[in-house]
Amino acid sequence: MINRGALLKRILACVAALSVALPTVGARAETADPIGDLIGQVAAHVEPMVRPILATFGLKATLYHGGGHGIRDRDSLGCKVVPMRTAAVDGVVLPRHSILFIKETVGLRMPDGRLHDGYWYASDVGGGIHQGRIDLFTGNGAGSMAPMLSLNMTTLTVAKVGEFQGCPLA
């Protein structure tokens with residue numbers, strides 16, 4: 001008999017690999033995201049004993065940018081903050097060093113012109129970031145927030161999909 005937890009782990013690993021391997025040419029933030037939808041559905045409907053494999057949260061998001069107001073160019077790990085990749089977390093529910101997948105950000109235009117793949121790196125913390133919240137770094141200046149303004153910031157679907165060591169790769 002196949003262990004359902006092991007089978008689910010294999011399926012989730014394949015889904016995660018597909019989300020990276022499949023091209024996102026022509027993708028836009030308002031288009032369907034079948035991979036992200038599948039991850040969300042699996043996480044929402046798995047049996048309670050399997051649920052810890054993929055922790056998914058509905059978090060209220062705020063945005064922050066560089067270019068004044070005391071925002072530094074380094075995160076709390078000492079790494080350079082990366083626009084549309086660096087996330088500030090509470091450090092408890094979502095610990096630093098977590099790789100996050102935020103399905104609503106798939107297809108958003110990044111500062112370098114590429115389309116976002118939905119992956120963010122929890123490498124920062126903030127005094128105002130408490131359970132149920134996440135703060136996303138958008139870049140330099142208030143104009144860098146424009147791609148994110150179309151999102152419903154009240155509840156973003158955030159899944160912890162891995163961990164990184166040292167500074168995250170951009």
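The values are calculated or read from the model by the stated rules, or taken from the named source; none is laboratory data. The model shown is predicted, which means the values in this text are computed figures rather than measured ones. Note: areas computed on protein heavy atoms with side chains; ligands, DNA, RNA excluded. Shrake-Rupley method; radii C 1.70, N 1.55, O 1.52, S 1.80 Å.
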- Averaged per residue, what accessible area in Å² does the range 70-169 show with a 1.4 Å probe, protein chains only? 47
- Query: Put Val89, Val161 in order of accessible area, largest first, 1.4 Å probe: what do you get?
  - Reply: Val161, Val89
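Taking a 1.4 Å probe, which of Ile99, Ile129 shows the most accessible area, and what order do the others take after it?
Result, largest first: Ile99, Ile129.
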- Message: Using a 1.4 angstrom probe on the protein heavy atoms only, could you order Glu163, Glu104 from most to least accessible area?
- Response: Glu163, Glu104
